[in-house]
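Note sheet for the following structure.
The values are calculated or read from the model by the stated rules, or taken from the named source; none is laboratory data. Model, not experiment: these values are computed from the prediction. We place every Cβ from the backbone using ideal geometry, glycine too, and count neighbours over all the protein chains shown. For accessibility, only protein heavy atoms count, side chains too; no ligands or nucleic acids. Shrake-Rupley method; radii C 1.70, N 1.55, O 1.52, S 1.80 Å.
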Amino acid sequence: MKILILPGDGIGSEIVSQAVRVLEKIQSSPGEIALSFGVLGGAAYDKHGHPYPPETQQQAREADAILLGCVGGPKYDTLPRAVRPEQGLLAIRKDLSLFANLRPAILYPELAASSSLKPEVVAGLDIMIIRELTGDIYFGQPRGRRTNAAGEDEGFDTMHYARSEVERIARVGFETAMKRNKKLCSVDKANVLDTSILWREVVTEMGKLYPEVQLSHMYVDNAAMQLVRAPKQFDVIVTGNIFGDILSDEASMLAGSIGMLPSASLDANKKGLYEPIHGSAPDIAGQNKANPIATILSLAMMMRYTFNRNDLADRIEGAVRKVLASGKRTGDIAQFGEPIIGTIEMGDAIVGAL
Ligand code: NAD
């Protein structure tokens with residue numbers, strides 16, 4: 001397993017260090033996992049003057065999978081947009097054709113009280129949101145600013161999906177549903193948007209190839225409402241880039257803390273970039289306060305989706321569950337009055353449980 005580690009910025013190196021300990025622990029023989037280390041985002045700008053420099057590009061192309069911490073921070077906020085840390089993230093996703101973003105929203109029973117919803121609505125929640133990542137209104141042309149016929153300044157963007165783009169993300173949706181509970185909900189806005197009419201047609205056609213999967217369609221406004229009304233009705237959701245951006249953030253809040261949620265971005269051959277969904281948390285960086293669990297669970301996703309090692313994924317997830325059940329909490333997931341441990345101590349506990 002050739003894994004590139006990109007700690008990134010802020011709390012990145014602290015959380016990634018704990019994930020590396022987990023990798024070292026699960027390796028059954030020396031050399032089974034080959035790690036290399038590189039820079040992305042602000043760290044790459046500091047070293048090479050670019051957030052995704054050629055050195056990192058080379059490493060990323062050679063790796064089977066990449067573990068990223070997080071990028072960004074106030075230090076880089078005044079840089080020109082082209083060299084901002086976030087551009088490094090967009091560039092690596094584009095360079096590696098990572099078109100499928102998988103974000104689970106899981107609420108561990110022990111953390112039900114951390115959710116903003118009532119425990120009975122969310123306890124046991126386990127949803128997978130699959131978001132298309134390289135198309136839609138974020139990339140459609142033309143886009144820009146202009147002066148209209150009435151002489152008024154206006155901005156415009158283009159929502160766009162080609163049949164092949166919908167097919168490949170729908171396939172990821174159906175394949176993921178087959179590995180889970182065989183239930184897929186496709187989210188669109190087909191009552192208003194032509195792009196969504198095509199989307200719905202293509203997903204419906206693809207559904208004929210997966211007769212075992214129970215396929216449903218839902219408008220995005222209703223999906224946003226259902227996610228907070230009765231989120232457990234969903235198993236796998238597949239949707240386009242902009243709807244997925246919003247719905248996956250909404251779903252992440254159901255799960256309590258941002259420090260708990262992993263993600264995967266995959267290409268057509270299951271090569272993937274794995275990262276926690278949170279940012280670089282400059283407010284707690286360097287203080288041994290960050291929760292490393294989202295990063296460690298990203299490794300579990302890596303084992304499952306890139307390396308087909310469900311055994312190792314189950315072991316990592318099992319260790320996290322055990323540690324949570326034993327009452328260990330970093331600050332972000334602790335209830336009032338509960339004792340708090342640091343990043344390193346959480347790493348110790350998970351490695352111990354492994
Ligand atoms: P953030 O996710 O970094 O932080 C939001 C809040 O959550 C903060 O209070 C932070 O302390 C807390 N938090 C985040 N991760 C945590 C963890 N693992 N454990 C405990 N608490 C945690 O979002 P932000 O403050 O809006 O952004 C900070 C920087 O991160 C910005 O530069 C932003 O551009 C960047 N960012 C990067 C990514 C990414 O790398 N994928 C994603 C979002 C934001």
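Being of a type in the set (Phe, Trp, Tyr), in contact with a Gly (Cβ under 9 Å, 6 or more places away or on another chain) and crowded, with 19+ Cβ neighbours inside 10 Å is a property that PHE234 lacks. The set of residues in region 6-33 being farther than 21 Å from PRO282 by Cβ and either assigned to a loop (DSSP other than H, G, I, E, B) or open to solvent by less than 50 Å² (accessible area, probe 1.4 Å) (or both) consists of VAL20, VAL22, LEU23, ILE26, GLN27, SER28, SER29, PRO30, GLY31, GLU32, ILE33.
May I ask you to verify whether GLU250 is of a type outside the set (Phe, Trp, Tyr), outside the structural domain of ASP332 (by TED's automatic domain parsing) and at pLDDT 95 or above? Considered against the rule, which asks whether it is of a type outside the set (Phe, Trp, Tyr), outside the structural domain of ASP332 (by TED's automatic domain parsing) and at pLDDT 95 or above, GLU250 comes out as no.
Taken residue by residue, region 235-244 has at least one member that is within 27 Å of SER196 (Cβ to Cβ), charged (D, E, K, R) and at pLDDT 95 or above.
The lone criterion from (1) in contact with a Leu (Cβ under 7 Å, 6 or more places away or on another chain); (2) closer than 16 Å to SER263 by Cα; (3) not aromatic (Phe, Trp, Tyr) left unmet by ASN291 is number (1). The requirement of being away from the ligand (no atom under 12 Å from the Cβ) and either assigned to a helix (DSSP H, G or I) or among the acidic types (Asp, Glu) (or both) is satisfied by LYS94. Applying a threshold of 6 Å to beta carbon distances and a minimum spacing of six or more residues, or different chains, the list of pairs starting in region 332-345 at a residue that is outside the structural domain of SER115 (by TED's automatic domain parsing) and ending at one that is open to solvent by 60 Å² or more (accessible area, probe 1.4 Å) reads ALA334/ILE340; GLN335/ALA113; ILE341/LYS328. Quick one: would you say ILE277 is touching a helix residue (DSSP H, G or I) at 6+ places or on another chain (Cβ under 8 Å), assigned by TED's automatic domain parsing to the domain that holds ILE11 and surrounded by fewer than 24 Cβ atoms within 10 Å (Cβ to Cβ)? Yes; evaluated as a whole, the condition is true for this residue.
Residues that are part of a loop (DSSP other than H, G, I, E, B), buried (at least 19 other Cβ atoms within 10 Å of the Cβ) and among the small types (Gly, Ala, Ser) within region 34-57 comprise GLY38, GLY41, listed in sequence order.
To keep it simple, each residue is scored yes or no on (1) in contact (Cβ under 8 Å) with a residue 40 or more places away in the chain; (2) under 13 Å from the mean Cα position of the chain (by Cα).
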residue: VAL228; (1), (2): yes, no
residue: SER248; (1), (2): yes, yes
residue: SER252; (1), (2): yes, yes
residue: ASN269; (1), (2): no, no
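Among the residues of region 58-77, the ones that are away from the ligand (no atom under 12 Å from the Cβ) and either open to solvent by less than 30 Å² (accessible area, probe 1.4 Å) or more than 24 Å from ARG131 (Cβ to Cβ) (or both) come to 8 in all.
Evaluate region 333-346: report whether one residue or more is open to solvent by 50 Å² or more (accessible area, probe 1.4 Å), within 21 Å of the chain's Cα centre (by Cα) and closer than 30 Å to ASN241 by Cβ. No, there is no match, as no residue in region 333-346 is open to solvent by 50 Å² or more (accessible area, probe 1.4 Å), within 21 Å of the chain's Cα centre (by Cα) and closer than 30 Å to ASN241 by Cβ.
Only a single criterion out of (1) under 22 Å from ALA100 (Cα atoms); (2) at pLDDT below 95; (3) within 12 Å of the ligand (Cβ to nearest atom) is not satisfied by ASN269, namely (3). Counting only residues that are out of contact with any Leu (no Cβ under 8 Å at 6 or more places or on another chain) and away from the ligand (no atom under 11 Å from the Cβ), region 272-287 holds 1 of them. Those residues that are buried (at least 21 other Cβ atoms within 10 Å of the Cβ) and of a type in the set (Gly, Ala, Ser), I need them from region 284-318; list them, please. Passing the criteria: ALA290, ALA294, SER298, ALA300. Among the residues making up region 145-179, those that are loosely packed, with under 14 Cβ neighbours inside 10 Å, of a type in the set (D, E, K, R) and not in a helix (DSSP H, G or I) are ARG145, ARG146, GLU152, ASP153, GLU154.
For region 106-116, check the following and say yes or no: at least one residue is of a type in the set (A, V, I, L, M, F, W, C), touching a strand residue (DSSP E or B) at 6+ places or on another chain (Cβ under 7 Å), away from the ligand (no atom under 12 Å from the Cβ) and open to solvent by 20 Å² or more (accessible area, probe 1.4 Å). Among the residues of region 106-116, at least one is of a type in the set (A, V, I, L, M, F, W, C), touching a strand residue (DSSP E or B) at 6+ places or on another chain (Cβ under 7 Å), away from the ligand (no atom under 12 Å from the Cβ) and open to solvent by 20 Å² or more (accessible area, probe 1.4 Å), which makes the answer yes.
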